[in-house]
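What follows is a single structure, written as structure tokens, with notes after it.
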């Protein structure tokens, strides 16, 4: 039996800005270093009143406040759902990626692009992976309830069922 060679040149890291998704980024960086791949960071906006808390979990309060000051109107519009560019969230994820790459001693800046869009998370993850010709999707999984936690998070499960791209689902460590 011949085993095919695995070539990963482009990784889609999907984040919902949760603690688990941040943990999954370490796996995305590891795979990018292993294969010499680039990473596209994707966050799909759904209506979320806890956005500030999630972003602060990635980059810290001071840095998030500085970014919001630079993009105050855009940040306000993003948080209340009136604007689609979401440049403050894009900048925050870019800062997080750079800091994480440095702290894990990665080979240069491997983040190719930061994409923040609105839509259904599973649909957009699948669409973006296809449109950007990604070889691997990396995402965290967390459940909401006993049955879901025993399996996979709803978004991860839908992505796994519907994509042709390999998916690395990272569970939150105990």
Quiz item: Over all distinct alpha-carbon pairs, what is the Kirkwood Rh of the range 10-57 in angstrom?
Solution: 11.5 Å
Quiz item: Fewest first, what order do 45, 12, 29 take by the number of other Cβ atoms within 10 Å?
Solution: 45, 29, 12
Exercise. Taking 7 Å along the Cα-to-C-beta vector as the label spot, tell me the residue 26-residue 87 distance in nanometres, rounded to one decimal.
Key: 3.4 nm
Quiz prompt | Sorted by Cβ density within 10 Å, fewest first, the residues 43, 23 | solution = 23, 43
Practice problem: May I ask you to sort 16, 52 by Cβ crowding, counting other Cβ atoms within 10 Å and putting the fewest first? | Solution: 52, 16
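Values quoted throughout were computed directly from the atomic coordinates according to the rules given, and no laboratory measurement underlies them. Just so we're clear, the structure is a prediction, and the values are computed from it rather than from any experiment. All Cβ positions, glycine included, derive from the backbone under ideal geometry; neighbour counts span all protein chains shown.
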